[in-house]
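Step one of this worksheet: look at the structure below.
The values are calculated or read from the model by the stated rules, or taken from the named source; none is laboratory data. Keep in mind the model is a prediction, meaning the values are calculated, not measured. Virtual Cβ from ideal backbone geometry, glycine too; neighbours counted across all protein chains shown. Keep in mind that these areas ignore ligands, DNA and RNA; they rest on the heavy atoms of the full protein, side chains included. Shrake-Rupley method; radii C 1.70, N 1.55, O 1.52, S 1.80 Å.
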Amino acid sequence: MLKIYGTTQVYGIIGNPVSHSLSPAMHNAAFDACRLDKAYVAFPALDVAGAVAAIRNLGIAGVSVTIPHKQAVIPLLDSVDPVAARIGAVNTIVRRGQKLHGANTDWLGANQALAEALKLAGSTVLILGAGGSARAIGFGLREAGAKIILASRTAEKGRELARQLDCSWIPLKQAECQKADALINATSVGMSPNVDATPMPAAALVAFPVVMDIVYAPLQTRLLREAAAAGCHRIDGLAMLLYQGAAQFAIWTGREAPLEIMRRSLLAQLVGSK
Ligand code: NAP
């Protein structure tokens, strides 16, 4: 049971909206399980500069950063991890003395989730989508030495991300003719309420031994159900969410995250919200 004292270090999430976030329950469960004098709350923040000033002035120890502030927060920090700088997005801030440091754990979470099924170095991965998540995942896979093919709906945006990732781009409609070691859905296709949608025809899935969907609401997307029928190894959206959170916990505490506690918290929230 969480207890707040005068010594309690405060963590949180800044973004807009944040009331739906799964992070407060996940991180508080982890702090509680490790008996840490820390608490995590959601801060709805419209003004990112004001939010960072508040973090500095109120002595907040660390925050998660979510939409729409992941890019805009960067110039407001004292330092940023090199990979986060390359991605151009920060999802984690940690206080180091009087300084605020930015990191990105989305790519770490995605790499860890995929690495459970595949040796990343030298593998070819087809990423669907060219939004914020595809960007973090793409830069992360590059760090790990994977070869990337990017497929997305809007040509201009997709081509620009492919240029930055130094990989090839194809229109989403041509993705079904591809073959790769893994397929990652980094679009929002299949997300509730459009649960009958899928970004890839079922018949094309046999060309991908591993299929990962980062959509986590619902956890069993149509893409993953059809991937099961095609005999693919499947990774659901909870894995990336969990591992990015575990990496944040490690940054904030210097300790290994209690993964099972965090996984149970996420599952309870995702099943509870059905
Ligand atoms: P985003 O920046 O808005 O990007 C969305 C991407 O989806 C864009 O590339 C967009 O295409 C594409 N898209 C949307 N509707 C489409 C459609 N009908 N047909 C084809 N492409 C479509 O969003 P994001 O932040 O990357 O998030 C994407 C999904 O990942 C969301 O469902 C989110 O909940 C989930 N997510 C999961 C995790 C996790 O840890 N598991 C973390 C972050 C996000 P265009 O390129 O044409 O715009």
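Laid out as a table, the results:
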quantity	calculated
Solution diffusion estimate, µm²/s, Stokes-Einstein, the stretch 108-235, Kirkwood Rh from C-alpha pairs, 20 °C, viscosity 1.002 mPa s	151 µm²/s
Cα-based reach from LYS157 at 17 Å (exclusive), listing aspartates and glutamates while leaving out same-chain residues under 8 positions away	ASP166
Cα-projected label distance for ASP47 with ALA72, points at 7 Å along beta-carbon direction, nm	1.1 nm
Kirkwood Rh, angstrom, the stretch 22-63 [1 / mean 1/r, Cα pairs]	11.4 Å
Candidate lysines for bridging to LYS38, where Cα separation is under 16 Å - those fewer than 8 sequence places away on the same chain excluded	LYS3
For the chain: accessible area per residue (Å², 1.4 Å)	46 Å²
Base-10 log of normalised Debye intensity for the chain (one unit scatterer per alpha-carbon) at q = 0.07, 0.11, 0.12, 0.16 Å⁻¹	-0.25, -0.62, -0.73, -1.25
Helix 132-143 vs. the chain, principal-axis angle (Cα, 0 to 90°, nearest 10)	80 degrees
The stretch 2-42, accessible surface, carbon-and-sulfur percent (1.4 angstrom probe)	55 percent
The chain: angle of helix 155-165 to the longest principal axis, Cα-based, in degrees nearest 10	70 degrees
Given charges at beta-carbon only (K, R positive; D, E negative), |dipole| of the stretch 1-104 in Debye	160 debye
Sparse-neighbourhood loop sites, trypsin sites (Lys or Arg not before Pro) in the stretch 74-121 - DSSP loop, at most 12 other Cβ within 10 angstrom	LYS119
Cα-based radius of gyration of the stretch 229-269 once divided by 2.2 N^0.38 Å, which approximates compact folds	1.39
Two-decimal ratio, the stretch 62-164, of alpha-carbon radius of gyration to 2.2 N^0.38 Å	1.12
C-alpha long axis of helix 48-58 to longest principal axis of the chain, angle in °	40 degrees
ALA203-ASP81 pseudo-label distance in nm [points 7 Å out on the Cα-to-Cβ vector]	4.3 nm
Carbon plus sulfur fraction of accessible area for the stretch 108-235, probe 1.4 Å, in percent	51 percent
Surface/4 of the Cα convex hull for the stretch 181-244, nm²	3.9 nm²
Candidate aspartates and glutamates for bridging to LYS99, where Cα separation is under 18 Å - those fewer than 8 sequence places away on the same chain excluded	ASP78, ASP81
Normalised contact order of the chain, rounded percent, pairs of Cα under 8 Å and 6 or more residues apart	16 percent
